[in-house]
Amino acid sequence: MTGSEIRRKFLDYFCRQEHTEVKSSSLVPANDPTLLFTNAGMNQFKDTFLGLEERDYKRATTAQKCVRAGGKHNDLENVGRTARHHTFFEMLGNFSFGDYFKEGAIRYAWDFLTNDMGLDPEKLWATVYLDDDEAYDLWHEMIGIPKKRIIRLGEKDNFWSMGDTGPCGPCSEILYDQGPSMSCGEQCGIGSCDCDRYLEIWNLVFMQYNRDEDGKMTPLPKPSIDTGMGLERLAAVVQGVQSNYDTDLLRKIIAAGEKISGKTYGADPDHDVSLRVLADHSRATTFLIADGILPANEGRGYVLRRIMRRAARHGKMLGLDEPFLYRLAETVAAEMGEAYPELKDSLPFVTRVIRSEEERFGETLDRGLRVLDEELEKLKSSGKTVLSGEVTFKLYDTFGFPVDLTVDIIEKDGFSVDQEGFEAEMKKQQEKSRQAWKGSGEEAVSAVYKSLAGEGLQSEFIGYDHFAGEGKVLALVHDGEVVSKATAGQTVEILFDRTPFYGESGGQVGDSGRGENLEGEVLFEVETATKPLDGIIMHRARIKTDELKLGDCCRLVVDREERRATARHHSATHLLQAKLQEVLGDHVKQAGSLVTPERLRFDFSHFSPLSEEEIDRVETLVNREIMENYPVHTELGTMEDAAAKGAMAIFGEKYGDVVRIVSMGEVSTELCGGTHVDMTGNIGCFKIISETGIAAGVRRIEALAGFAALNYIREREKIMIAAAARLKGIPEELVERIDRLLDQHRDQQKEIAQLKQKLVSASVGGGSAAGPAIEEFNGIPLLIRRVECDDPKEMRKIMDVFKAKNPDGITLLGAVHEGKAILIVHVGKPWQKKYPAGTLIRELAAKVGGRGGGKPELAQAGGPDGDRLDAALEGLKELLA
């Protein structure tokens, strides 16, 4: 039975038990700051367990993609070295939201394992929490497991929580006895060791509590069930292999690694580790990028980068010097694309991101080797043989060198590594990482909004068709607390039963406007509207009247011109994406957006800056579609309906069962909940004002539409007319006149430079009293001089003149420019080995608060402390002494 068949059988089994099959959520957790990545099947149901979110089903089943490679769940360094550790894995799960509880969970699990999977009941064991007599009795009396195969364990093993806070409860694990051959010895036993004889395959969590930040546990509204079973582990048991990496889920990717590297799996233990790392890390990399995460230096992107670079290092160990990981991503997509269609859809983008990062890391690795060579030279000159933990960690963290790679490189030359120092640096970094990751999930939804949703309060949005409408006050929130009334001068958040105000979401800012009583008197000014949860639209407003209280009816009026300007920019964003794909290719995907009344910002996947011609073409095509005046059509449908229409969705966006499809003629079809123009002609005009890079493989366009674009063009026209007038010409002659001025300026600069060179030569030459004073110091011809210099770049030209007078000695020049010190040193060939210029300049630069470097012959530096220049010049003799 293949891994794919096991996945399908699991989902089908629970569908037969009246569970709803729910698609895997993104690896980017929604609305949860406690998580770096989705690491369990229940993550997407957290609010349901807490009673804050209602779903139209009480039972669910999923095959959830998961990553554990940071924060609490950090398995990275063990991956490849054990049979079970992974960064990416699939978790099969069944869930009950206040429906069945322990009896149902235990019965379903046993039935599926013994009947559908065909596992030997005599090899199955169960663990329960210490005082969970109910679960113990169910396993013994209902299922029939002998008491000797039911083990009671403590909180460490049998009390489950998603993190430091959140849903939790006692759990019961099902283990499979792989036989005495897998035993670790006489002390082998459940709860006594970590060997693989008794393999944990399924965890049944009896969700009863919610733990807050103080550790207090509160009973959940309805006891629920959360189960999780690693597909890779189950496949290993069903397929009769002793390692997850020997299942078909990973063996095919390992085979691809064998083909690329020319190595044979099983022939060399070290190569086997590397091939397993490649198989695991290629899965994690492919899935993370497909979910919109890109390599970066912080947060999720940093973990992805570490995973990719670890894979690249192991590729090096297999003799792979060219990019290869992107090729494994193709295998991952081929093997898993049926279960996770997003892999195939995003494969061109994924492979380009991976290849780009691999090429970048190749350069980093070379720089790391140069740093290591420099450090070894220092050790040799000082007679030391131990590379410090600080340097070893820098090589590891900055340049991606594992400790064993550093050891391999330096051992042959008689050096060793300070392992304890490295571990100390590693602990410091892990602590910093934990602090950085603690809040790196998506922004948390405030508890007050969840409580409103939990009470069943909701807003009906009527703003697609109306700029004004009546609404009744359902809730008032002041400083994060629910209140019964608000008074004049207070800024509060108001929830109405109906509203025409669009709540900020999907990249579109919230509406502003006002609220009136039914007589037309202004009660409050709405600054903006937000949408923290589906159905909850909060109006941040400043109260103008004496009092506003629950139950009051108001007439809500949206700022019409502001909304229309926002709609122009939002519709223009849709046309922009369509035209970017037409000009650049289908790999272009939205990676973020901002739509306001003043402008639009659109982030998209692409690997190089757009040329001027590409920008012009995109802008022209968008304006052409505006002039075609296509109708903008919206309709509601299912995700299947949207897919049939070719509608574009956004990476990682959470969509409901019913989606809104926005079409603009045959040009653009997208899933979108925002507000739009009725006809593309209403956008008016479109102007791109900037195109920049914001991350590896992500570009950003900022643009204007409608009156904003027209005003921008008018302002630029005014500037051009004013500039032409300054040059006593007309706008059409502006470029020609500027070019003439620039040519004239360049000629003058050359003339000035030549005059300066003559002045320097005159001051140095002829052996006059004004000439250079070369003195003998410890047998070294020494020339130290303070000079006048307006530009750090000129110092090298000045040095060329001085070193000609002292070619075999040491020459140090210094200058002050705009209060900052400039230093340059030249060392003649006879002294370069003993006194390399780069070493001298580093020491001298420190005296002026700066740093610098260079080659043994010539080095330059600068520093902010110009008043310390003389001290730096005098310091040369101290160094030489």
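When the stretch 593-614 is filtered for residues that are more than 23 Å from residue 512 (Cα to Cα), open to solvent by 10 Å² or more (accessible area, probe 1.4 Å) and not acidic (Asp, Glu), the ones remaining, listed by number, are 606, 607, 608, 609, 610, 611. Considered as a group, the residues in the stretch 497-519 that are of a type in the set (S, T, N, Q) and farther than 22 Å from residue 551 by Cβ include one that is surrounded by the most Cβ atoms within 10 Å (Cβ to Cβ), and that residue is 508. Can you confirm whether the stretch 296-315 contains a residue that is surrounded by fewer than 18 Cβ atoms within 10 Å (Cβ to Cβ) and among the acidic types (Asp, Glu)? Scanning the stretch 296-315 turns up at least one residue that is surrounded by fewer than 18 Cβ atoms within 10 Å (Cβ to Cβ) and among the acidic types (Asp, Glu). Please work out which residue is most open to solvent (accessible area, probe 1.4 Å), limiting yourself to the stretch 139-180 and to residues that are free of Cβ contacts under 8 Å to residues at least 40 places away in the same chain and hydrophobic (A, V, I, L, M, F, W, C). Among them, the one singled out is 142.
Within the span defined as the stretch 116-124, every residue fails to be in contact with a Phe, Trp or Tyr (Cβ under 6 Å, 6 or more places away or on another chain), open to solvent by less than 30 Å² (accessible area, probe 1.4 Å) and in contact (Cβ under 8 Å) with a residue 60 or more places away in the chain. Residues in the stretch 100-115 that are out of contact with any Phe, Trp or Tyr (no Cβ under 9 Å at 6 or more places or on another chain) and within 22 Å of residue 207 (Cβ to Cβ): 103, 104. Contact annotation: residue pairs with Cβ atoms under 7 Å, 6 or more positions apart or on different chains, pairing a residue in the stretch 608-629 that is closer than 25 Å to residue 679 by Cβ with a partner that is open to solvent by 70 Å² or more (accessible area, probe 1.4 Å) and part of a helix (DSSP H, G or I), are 621/582.
Exactly one residue out of 725, 703 is open to solvent by less than 70 Å² (accessible area, probe 1.4 Å) and touching a Phe, Trp or Tyr at 6+ places or on another chain (Cβ under 9 Å), and it is 703.
Which of the residues spanning the stretch 509-525 are within 34 Å of the chain's Cα centre (by Cα) and either assigned to a strand (DSSP E or B) or of a type in the set (Ser, Thr, Tyr) (or both)? Selection gives 512 alone. Could you tell me how many of the residues in the stretch 200-234 are assigned to a strand (DSSP E or B) and open to solvent by 60 Å² or more (accessible area, probe 1.4 Å)? Matching residues across the stretch 200-234 total 8.
Within the stretch 574-605, the set of residues being of a type in the set (Asp, Glu) and outside any loop (DSSP other than H, G, I, E, B) comprises 582, 603.
In this structure, does residue 632 turn out to be open to solvent by less than 30 Å² (accessible area, probe 1.4 Å), at pLDDT below 90 and touching a Gly at 6+ places or on another chain (Cβ under 9 Å)? Against the criterion (open to solvent by less than 30 Å² (accessible area, probe 1.4 Å), at pLDDT below 90 and touching a Gly at 6+ places or on another chain (Cβ under 9 Å)), residue 632 does not qualify. Looking at 482, 526, just one residue is in contact with an Asp or Glu (Cβ under 8 Å, 6 or more places away or on another chain) and within 22 Å of residue 546 (Cα to Cα), and that residue is 526. I need the full set of residues from the stretch 247-291 which are acidic (Asp, Glu) and over 26 Å from the mean Cα position of the chain (by Cα), in order please. Across the stretch 247-291, the qualifying residues are 248, 258, 268, 270, 272. Inspection of the stretch 189-199 identifies at least one residue that is modelled with pLDDT under 95 and assigned to a strand (DSSP E or B). Considering the stretch 762-881, there are no qualifying strands (runs of 3 or more DSSP E) wholly inside with 3 or more residues that are among the β-branched types (Val, Ile, Thr), surrounded by fewer than 19 Cβ atoms within 10 Å (Cβ to Cβ) and touching a residue at least 24 places away in the same chain (Cβ under 8 Å). Elements of the type helices (runs of 4 or more DSSP H) sitting completely within the stretch 308-426 and holding at least 3 residues that are at pLDDT below 90 and either within 24 Å of residue 289 (Cα to Cα) or not aliphatic (A, V, I, L, M) (or both): these cover 342-382, 389-399, 403-411.
For the stretch 250-264, indicate whether the set of residues that are more than 22 Å from residue 310 (Cα to Cα) and open to solvent by 10 Å² or more (accessible area, probe 1.4 Å) is non-empty. For the stretch 250-264, residues more than 22 Å from residue 310 (Cα to Cα) and open to solvent by 10 Å² or more (accessible area, probe 1.4 Å): absent.
Within the stretch 342-388, the set of residues being under 30 Å from residue 588 (Cβ atoms), open to solvent by 70 Å² or more (accessible area, probe 1.4 Å) and without any contact (Cβ under 8 Å) to a residue 60 or more places away in the chain comprises 344, 345, 355, 359, 363. Scanning the stretch 643-664 for residues that are open to solvent by less than 30 Å² (accessible area, probe 1.4 Å) and under 16 Å from residue 632 (Cβ atoms), we see that the one that is modelled with the lowest pLDDT is 647. Suppose the filter is in contact with a Lys or Arg (Cβ under 8 Å, 6 or more places away or on another chain) and either open to solvent by 10 Å² or more (accessible area, probe 1.4 Å) or touching a residue at least 12 places away in the same chain (Cβ under 8 Å) (or both); does residue 20 pass it? Criteria met by residue 20.
Restricting attention to the stretch 480-496, and to residues there that are assigned to a strand (DSSP E or B) and among the hydrophobic types (A, V, I, L, M, F, W, C), which single residue is surrounded by the most Cβ atoms within 10 Å (Cβ to Cβ)? Of everything passing the filter in the stretch 480-496, 494 is surrounded by the most Cβ atoms within 10 Å (Cβ to Cβ). Can we say residue 479 is without any contact (Cβ under 8 Å) to a residue 12 or more places away in the chain and either under 35 Å from the mean Cα position of the chain (by Cα) or within 15 Å of residue 529 (Cα to Cα) (or both)? Judged against the criteria, residue 479 is a match.
Could you tell me which of the residues 67, 128 is closer than 18 Å to residue 230 by Cα, β-branched (Val, Ile, Thr) and in contact (Cβ under 8 Å) with a residue 12 or more places away in the chain? Being closer than 18 Å to residue 230 by Cα, β-branched (Val, Ile, Thr) and in contact (Cβ under 8 Å) with a residue 12 or more places away in the chain holds for just one of 67, 128, which is 67. One residue stands out among those in the stretch 126-138 that are surrounded by 21 or more Cβ atoms within 10 Å (Cβ to Cβ) and of a type in the set (A, V, I, L, M, F, W, C): the one that is farthest from the chain's Cα centre (by Cα), which is 138. Test residue 572 against the stated conditions and say whether it is closer than 26 Å to residue 678 by Cα, open to solvent by less than 30 Å² (accessible area, probe 1.4 Å) and touching a residue at least 40 places away in the same chain (Cβ under 8 Å). Against the criterion (closer than 26 Å to residue 678 by Cα, open to solvent by less than 30 Å² (accessible area, probe 1.4 Å) and touching a residue at least 40 places away in the same chain (Cβ under 8 Å)), residue 572 qualifies.
So residue 530 clears everything in (1) of a type in the set (S, T, N, Q); (2) under 25 Å from residue 294 (Cβ atoms); (3) assigned to a strand (DSSP E or B) except one condition, right? Which one? The number of the failed condition is (2).
The values are calculated or read from the model by the stated rules, or taken from the named source; none is laboratory data. Since the structure is predicted, the reported quantities are computational estimates derived from the model, not experimental observations. No Cβ is skipped: glycine too gets one built from the backbone with ideal geometry, and neighbour counts run over all protein chains shown. Accessible surface is based on the protein model in full, side chains and every heavy atom, while ligands, DNA and RNA are left aside. Shrake-Rupley method; radii C 1.70, N 1.55, O 1.52, S 1.80 Å.
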